[in-house]
Number of protein chains: 4
Amino acid sequence: MHFFSDNVASVHPRVWAALHAADVPDFGYDGDSLSRALDEAFSTLFGRPCVALWAATGTAANCLALAAMVPPHGAVVCHREAHIEVDEGGAPGFYLHGAKLILAEGDGALLSPETISAVLAPIRRDVHQVQPHAISITQASEYGCAYRPADVAAIGALARQRGLGLHMDGARFANAVAFLGCTPGAVTVDAGVDAMTFGFVKNGGMSAEAMVFFDPALADVVRYRRKRAGHLQSKGRYLAAQILALLDRDLWLENARMANSAAQELARACAGRLMHPVEANELFVLLSDAEKTALRSVGFDFYDWPAPEGAAGAARLVTAWNSDPAHVTALARAITAL
Amino acid sequence: MHFFSDNVASVHPRVWAALHAADVPDFGYDGDSLSRALDEAFSTLFGRPCVALWAATGTAANCLALAAMVPPHGAVVCHREAHIEVDEGGAPGFYLHGAKLILAEGDGALLSPETISAVLAPIRRDVHQVQPHAISITQASEYGCAYRPADVAAIGALARQRGLGLHMDGARFANAVAFLGCTPGAVTVDAGVDAMTFGFVKNGGMSAEAMVFFDPALADVVRYRRKRAGHLQSKGRYLAAQILALLDRDLWLENARMANSAAQELARACAGRLMHPVEANELFVLLSDAEKTALRSVGFDFYDWPAPEGAAGAARLVTAWNSDPAHVTALARAITAL
Amino acid sequence: MHFFSDNVASVHPRVWAALHAADVPDFGYDGDSLSRALDEAFSTLFGRPCVALWAATGTAANCLALAAMVPPHGAVVCHREAHIEVDEGGAPGFYLHGAKLILAEGDGALLSPETISAVLAPIRRDVHQVQPHAISITQASEYGCAYRPADVAAIGALARQRGLGLHMDGARFANAVAFLGCTPGAVTVDAGVDAMTFGFVKNGGMSAEAMVFFDPALADVVRYRRKRAGHLQSKGRYLAAQILALLDRDLWLENARMANSAAQELARACAGRLMHPVEANELFVLLSDAEKTALRSVGFDFYDWPAPEGAAGAARLVTAWNSDPAHVTALARAITAL
Amino acid sequence: MHFFSDNVASVHPRVWAALHAADVPDFGYDGDSLSRALDEAFSTLFGRPCVALWAATGTAANCLALAAMVPPHGAVVCHREAHIEVDEGGAPGFYLHGAKLILAEGDGALLSPETISAVLAPIRRDVHQVQPHAISITQASEYGCAYRPADVAAIGALARQRGLGLHMDGARFANAVAFLGCTPGAVTVDAGVDAMTFGFVKNGGMSAEAMVFFDPALADVVRYRRKRAGHLQSKGRYLAAQILALLDRDLWLENARMANSAAQELARACAGRLMHPVEANELFVLLSDAEKTALRSVGFDFYDWPAPEGAAGAARLVTAWNSDPAHVTALARAITAL
């Protein structure tokens, strides 16, 4: 009964079906009919014309989009605990050719105009200091918290005012939208986002994420950069097929709701133990070593998490689109019984 | 009846079966049991201990290996028509942080100690000129020609003598081995190759190539660089599964033989028209525009190729593991009848 | 009467003399007799064999040395307020091809084994997190504080134990040595420093800093990287001449003593106002806006500095080798009289 | 009596005078009054508003300008024997973050619309091939030949038509203008050049070249890139002083005329031996080994040059602004007497 991460969950049956349906020759790279259908599918979803390109990983998708926004001598403002800063092996340094990440604060790994402004303020407008060119936010955040549309819009307004691009790492975008109950556009393009990663791998896919560009000029650059990064797969139809299957009849949203629902069941059992509000499919839970040992001894697997000051221990629990309801209920009961 | 490229061919049924078998949760990235089985599988195949890592594309696989051999201020010697020079969108410049490609000559896109030495000779050993650190050869070559074991060994000896690494782009390695009838080791590690890309995508796979390192120190660097390049997929088991399925009971070799056999049938029909010997699954054929039009009008699809001087036109024909024998025979007859 | 910065001070007469003496043709780049004399001059100074190369700026000198120690996928530990982090326009990102700076704490911009260990501890040894390869310390620090030989040795021991290189940014190394009264070697090579920038521009030079390598393998890389960075000037003899003139009869030390002595005179006047101990030629002084206005109104020029929490204001005062004693005394009196 | 290279010649007395005049404190970096005077000085010279920035070397100046024109995934068309390709230690790969150089042909190392078009033609407009973004020409060329204004204008027209930037490496621009007898603007900005390096080091300077931007947006980028490359010297006034001294009363042109005149005297003696027309201050001369030995035995020093096919040997002779007329005449006579 594992609650390690959604990033190893199985592939959804409808994705498998789409993969098999794609198993006929077509043009290579992204010239196939499925890859060419992405723009329309996402434009419909977001209610605005946009350009969508696939990539195999969120790391690549995030960095390719940021590299189109930020010159090598520039910088990106992101949260101190953003995935691009902490867990991508220095990929932004590689893709952005040495551009900097400027680290800002915020509860729940959420930025705000205030915390962003706090790091922008001391930067002198001279050549000795690296100048910001973009802001990157993660939706849902690294602590499973969701920006509301107004939150994104406030950051988008700041970005516009400062001449900065706005990027969204949406590895768990589906979970955030499922929680918010808003349209995908309300919390992105309508709020000033220029480009985003729309995650599918954690939500029923196998190996495909989407980069969605609300500014087509960014996509024009990324097409070249994607090839240059070795991310233009020759059999691209197998990536597009996954994405289209998950967009079809809002399977992405249905999957996210399943994961979120499981997370909420656990959250209720963790009342008093939660380090952050549960607004997606991740829980950060205060659990002592003894408690963790007890849970593991009866078959529950999950990762340790650094304990906040004064706490005896902590753990991260992640649910997925296919978390077994029986396992979830069992874990909820086990935690309640601690 | 298309003969465009093997890089869009369908996925082999045994690969599909392996993908489905992998559809159970396991550890993420390359911590799963399938990814961890690669070293042994390739060590058995090559008869030497080696380290194997997957990547989604040959572009990434080639460049990651080269980046472990060559510092940013160095250079790689490759053929003027090497894929890394001509068709990878500048990926070596990206992955090698601006290192140069030094372009050498050779019939059939094959290098030799003589042509390599010819470009090394004028390089002064001073800081004003970029110094070579590795040689990259393509097996089978971009013109479908195969290096014999002695050919590779001669280049390997030169590399050793000059202190250069030796890399092999084996996008169509299977086709070369099928043609040569040698062991995989005879034409690689036994001949001085330090690292290679072992291609599977063109040979029945979906989205997985292998980097094989005969020097484990190179793999230690590449593990970091692969993550940094966004090529460490979280569900790595789906890549490893493809590779293991194709290695199992030498399916890779069987597939390559099918493609090569189809190519030989076409080659017999093209006697007198061949620009290069057919030693893999690609044919470069002299065909006038009228002849190409005639073939296309009856349903044969293929790419044009630049005509050599004095020729009226040319085309590239590529066969695949699943080329329909009826289509192949029909094309052979049509060419014969021209 | 300006106390802005030592980096705009005039050139020492003995440096001028050396420049004129160098105004005869010699071999280009660093093949001239003066450039070739640097190794011996520094080996004598440090009491150990070392290799010395010139560069026009400290930014280039620091980054070239670090780039020889750290691969593009690695990181450098430095102080949060280190010059390479704050004031070099992102040069480390450029020269190190996107490697990261890991920011550690410490009073007076001085690192310690404890503060370094604090940032190293949470770094997992996996490919998702950027691994450290070097530590960089600044002597004297960005706040004019000096590492004692034992301080550097303790950091050197940590570096050795963790397999990290140790780099010293010695833009004001002369001032630190003048303050410490130790040999140059005691606080560098004897304490585990692998490579350093030995600053001359702020100390009577015009346009030459020295990179000193106690590990000659680093210099071998830097020779190529320096050319590649456009820092191999063709008339290198004019750079070497400056350095040799300042080394001759310890002019570097004499100049630093003059600057330090002026700083001490000011420090005595600033008792109770100093934000950091004065151990080189920089003073960070609590001064209210009204006090600063008063000083400026009678002809003293200096930069504002961000006030610490709770303070009414602050300023930075910098003395130089040629600070006019009358100006120094006048400023000391003016501050005392506030 | 050396004819090795103009890049080691002494510094002109008027440059020395200017350096001494600059030996008073001023603002740092390029905030001093001399650096701030460069825009006007060059705008007057070129008859058009332009922005001028100093750099210590031509390598840095060329690469900084090109990096502002070409994204990392792009390419620069240059001559196969261009200095940026052959002799800058891979600096373009570093500064342009891995962008490619596309090598074109042309007698005398001169490009033409025809030879440029020949390399542009086969580049497919797809992401698999690196797309050109700029053309770089060298004036005078690496073989001492000068583009006429109409030659540059023809290339400029091609650049405009193809949407490419046009860069000029003017390491010996002064010699070209002295030969052509045209205005500096006629062969640059009036002919479509966007940015250039105006060389001074080989022409009486010590350590300063100028980057001149006819498009101010390029300069805005280069200001940041120059700092990031460690080329923003703190005592910039000593670089600006050199440039202004050489611009003053057309000293740059006077010096170039001296060098050219010496070259012409040698050229007359080399009639029948010249590999290229002598249009600047470099001569490429057919000389057998015996002849070279004879010349060297009587005190003439110069570099060997690779002999063209069928020739018994070759040498390069370079004159400078201060070539001793007696030495020049002696060498001319010695060659005549061979």
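The values are calculated or read from the model by the stated rules, or taken from the named source; none is laboratory data. If you're wondering where the values come from, they're calculated on a predicted model, not measured in any experiment. For neighbour counting, all protein chains shown are included, and Cβ atoms are generated from backbone atoms with ideal geometry for every residue, glycine included.
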> Which number in (1) within 11 Å of chain A (Cβ to nearest Cβ); (2) out of contact with any helix residue (DSSP H, G or I) (no Cβ under 6 Å at 6 or more places or on another chain) marks the one condition that C:Met69 misses?
Replying inline: (1)
> Quick one: would you say C:Ser141 is within 24 Å of C:Ala259 (Cβ to Cβ), touching a Gly at 6+ places or on another chain (Cβ under 6 Å) and either modelled with pLDDT of 95 or more or small (Gly, Ala, Ser) (or both)?
Replying inline: yes
> Within region C:277-310, how many residues are more than 19 Å from C:Met1 (Cα to Cα) and either touching a strand residue (DSSP E or B) at 6+ places or on another chain (Cβ under 8 Å) or β-branched (Val, Ile, Thr) (or both)?
Replying inline: 5
> Which ones in region B:28-66 are of a type in the set (Asp, Glu) and within 11 Å of chain A (Cβ to nearest Cβ)?
Replying inline: B:Asp32
> Using beta carbons and a limit of 9 Å, which pairs, at least six apart or on different chains, have the first residue in region A:187-200 and without any contact (Cβ under 8 Å) to a residue 24 or more places away in the chain and under 13 Å from A:Pro49 (Cα atoms) and the second one assigned to a strand (DSSP E or B) and aromatic (Phe, Trp, Tyr)?
Replying inline: none
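Here is a yes/no grid of residues against (1) at pLDDT below 95; (2) within 23 Å of D:Ala56 (Cα to Cα); (3) outside the structural domain of C:Val130 (by TED's automatic domain parsing); (4) touching a Lys or Arg at 6+ places or on another chain (Cβ under 9 Å):
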position	(1), (2), (3), (4)
C:Met69	no, no, no, no
C:His73	no, no, no, yes
C:Phe94	no, yes, no, yes
C:Gly108	no, no, no, no
C:Ser112	no, no, no, no
>> Looking for something within 25 Å of B:Gly93 (Cα to Cα) and touching a Pro at 6+ places or on another chain (Cβ under 9 Å) - is there at least one such residue anywhere in region A:127-134?
In response: yes
>> Looking at region D:123-147, I want the residues that are facing another protein chain (nearest Cβ under 10 Å) and have a partner that is of a type in the set (Val, Ile, Thr) and part of a loop (DSSP other than H, G, I, E, B) with Cβ atoms under 6 Å, at least 6 apart or on another chain. Which pairs are those?
In response: D:Gln129/D:Ile123
> Of all residues in region A:144-180, which are at negative phi and assigned to a loop (DSSP other than H, G, I, E, B)?
Replying inline: A:Cys145, A:Ala146, A:Tyr147, A:Arg148, A:Leu164, A:Ala171, A:Arg172
>> Being facing chain C (nearest Cβ under 8 Å) and among the β-branched types (Val, Ile, Thr) is the requirement here; does D:Val15 meet it?
In response: no
> Which residues, taken from region D:1-23, are assigned to a loop (DSSP other than H, G, I, E, B), over 21 Å from the mean Cα position of the chain (by Cα) and modelled with pLDDT of 95 or more?
Replying inline: D:Ala22, D:Asp23
>> Take the residues in region B:84-123 that are buried (at least 24 other Cβ atoms within 10 Å of the Cβ) and among the β-branched types (Val, Ile, Thr); name whichever of them is farthest from B:Val285 (Cα to Cα).
In response: B:Ile116
> What's the number of the condition D:Phe3 fails, among (1) crowded, with 19+ Cβ neighbours inside 10 Å; (2) without any contact (Cβ under 8 Å) to a residue 40 or more places away in the chain?
Replying inline: (2)
> Only one of (1) modelled with pLDDT of 95 or more; (2) surrounded by 19 or more Cβ atoms within 10 Å (Cβ to Cβ) is not met by D:Glu81, so which one is it?
Replying inline: (2)
> In the list C:Ala229, C:Ala245, C:Ala259, which residue meets the criterion of being within 30 Å of C:Ala37 (Cα to Cα) and in contact with a Lys or Arg (Cβ under 6 Å, 6 or more places away or on another chain)?
Replying inline: C:Ala245
>> I'd like the full set of residues that are over 19 Å from the mean Cα position of the chain (by Cα) and acidic (Asp, Glu), limited to region A:208-243.
In response: A:Asp215, A:Asp220
> Of the numbered conditions (1) within 11 Å of another protein chain (Cβ to nearest Cβ); (2) at positive phi, C:Gly106 satisfies every one except a single condition; which is it?
Replying inline: (1)
>> So C:Glu85 ticks every box in (1) facing another protein chain (nearest Cβ under 7 Å); (2) more than 30 Å from B:Tyr29 (Cβ to Cβ); (3) free of Cβ contacts under 8 Å to residues at least 40 places away in the same chain but one. Which box is left unticked?
In response: (1)
> Can you name every residue in region C:181-232 that is in a loop (DSSP other than H, G, I, E, B), of a type in the set (S, T, N, Q) and buried (at least 24 other Cβ atoms within 10 Å of the Cβ)?
Replying inline: C:Thr188, C:Ser207
